[in-house]
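Notes follow once the structure below has been shown.
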Amino acid sequence: VLTYDGIVEHDAAIMDGRSRAAGAATGTTRIRNPITLARRVMENSPHVFLRSPGADQFATGQQLEQVPNEWFVTPERRRQWEEFRGRQGISSFDVDLKYGTVGAVALDQVGNVAAATSTGGLTGKRWGRIGDTPVIGAGTFADNRSCAVSATGSGEFFIRAGVAHEICARIRHGREAPQAAADAVMADVAALGGSGGVIVVTPAGEGVYSFNTPGMYRGMANPNGRSVAIYGDD
Ligand code: ASP
């Protein structure tokens with residue numbers, strides 16, 4: 001999605017549930033694969049969270065592929081941005097502007113979970129706004145003792161509810177099954193006024209979704225096959 005000024009600024013994070021090692025970057029404008037940058041932050045720096053321009057500078061040192069900012073722009077996102085700039089009173093949180101997050105959670109054969117999320121944030125974001133995506137524990141979290149979570153939605157509310165960590169904490173403290181934990185935390189987000197959803201996987205192999213928007217583009221692959229869906233009743 002495009003910022004208020006009409007460019008693309010990425011947020012991204014990755015987390016390894018084995019060690020709770022994590023890496024994140026915000027405000028990058030020319031790194032082709034922001035999650036690869038987040039992974040380099042995790043593996044090749046002593047830090048967890050870098051912001052640009054320093055994050056872009058670090059990426060350059062890591063020899064990550066760079067592209068011009070326009071490379072990220074699609075005609076539909078440009079159209080949404082024009083609608084946003086042209087219409088009074090439209091909010092960045094309007095779900096018709098479709099959130100742009102891509103998230104993944106994964107489980108390996110021996111019970112390690114991981115999560116990664118990247119996004120351009122909200123259409124029309126400005127003033128250096130940072131969403132939940134790169135905030136460890138808000139939009140992205142993984143812990144082998146509980147689960148891995150990746151979130152999409154109105155990030156401000158996900159930060160305030162500490163969504164990803166809260167879902168894992170509820171599971172870890174034995175309070176709830178994964179679906180119940182995800183639903184309870186999404187209900188909390190809704191109560192604050194937020195909208196969006198989460199994908200969750202546990203070390204035991206349970207994969208669940210929860211969202212309070214009409215739809216959430218999602219897919220799952222496991223030993224039994226693959227599935228994709230958009231709307232709540234798909
Ligand atoms: N959660 C993201 C943010 O607030 C937006 C999204 O889901 O696309 O930055």
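The values are calculated or read from the model by the stated rules, or taken from the named source; none is laboratory data. All of these numbers come straight from a predicted model, not from anything done at the bench. Glycine also receives a Cβ, built like all others from the backbone with ideal geometry; neighbour counts cover every protein chain displayed.
Summary of values
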{"read-out": "The stretch 124-140, residues that are part of a loop (DSSP other than H, G, I, E, B), within 11 Å of the ligand (Cβ to nearest atom) and either under 15 Å from the mean Cα position of the chain (by Cα) or modelled with pLDDT of 95 or more (or both)", "value": "Arg129, Ile130, Gly131, Asp132, Thr133, Pro134, Val135, Ala138, Gly139"}
{"read-out": "The stretch 184-234: number of residues that are under 21 Å from Gly137 (Cβ atoms) and assigned to a loop (DSSP other than H, G, I, E, B)", "value": "7"}
{"read-out": "From the options Gly196, Gly162, Gly219, residue that is closer than 27 Å to Asp108 by Cα and without any contact (Cβ under 8 Å) to a residue 12 or more places away in the chain", "value": "Gly219"}
{"read-out": "Some residue of the stretch 127-135 being crowded, with 24+ Cβ neighbours inside 10 Å, over 22 Å from Thr36 (Cα atoms) and out of contact with any strand residue (DSSP E or B) (no Cβ under 7 Å at 6 or more places or on another chain)", "value": "no"}
{"read-out": "Of all residues in the stretch 106-123 being under 17 Å from the mean Cα position of the chain (by Cα) and part of a loop (DSSP other than H, G, I, E, B), the one that is farthest from Gly17 (Cα to Cα)", "value": "Thr123"}
{"read-out": "Qualifying residue in the stretch 3-19 (condition: within 16 Å of the ligand (Cβ to nearest atom) and at positive phi)", "value": "no"}
{"read-out": "Any hit, the stretch 187-199, residues being touching a His at 6+ places or on another chain (Cβ under 8 Å), of a type in the set (Gly, Ala, Ser), modelled with pLDDT of 95 or more and within 14 Å of the ligand (Cβ to nearest atom)", "value": "no"}
{"read-out": "Out of Ser52, Ser91, sole residue that is polar (S, T, N, Q), under 19 Å from Glu9 (Cβ atoms), loosely packed, with under 15 Cβ neighbours inside 10 Å and within 16 Å of the ligand (Cβ to nearest atom)", "value": "Ser91"}
{"read-out": "Filter pass, Asn212 being touching a helix residue (DSSP H, G or I) at 6+ places or on another chain (Cβ under 9 Å) and of a type in the set (S, T, N, Q)", "value": "yes"}
{"read-out": "Test set (1) near the ligand (Cβ under 8 Å from one of its atoms); (2) without any contact (Cβ under 8 Å) to a residue 12 or more places away in the chain; (3) of a type in the set (A, V, I, L, M) - Val110 fails condition number", "value": "(1)"}
{"read-out": "Any chance Ala114 is crowded, with 24+ Cβ neighbours inside 10 Å, more than 22 Å from Glu70 (Cβ to Cβ) and of a type in the set (Gly, Ala, Ser)", "value": "no"}
{"read-out": "Test result for Ala169, within 25 Å of Gly27 (Cα to Cα), out of contact with any helix residue (DSSP H, G or I) (no Cβ under 7 Å at 6 or more places or on another chain) and away from the ligand (no atom under 15 Å from the Cβ)", "value": "no"}
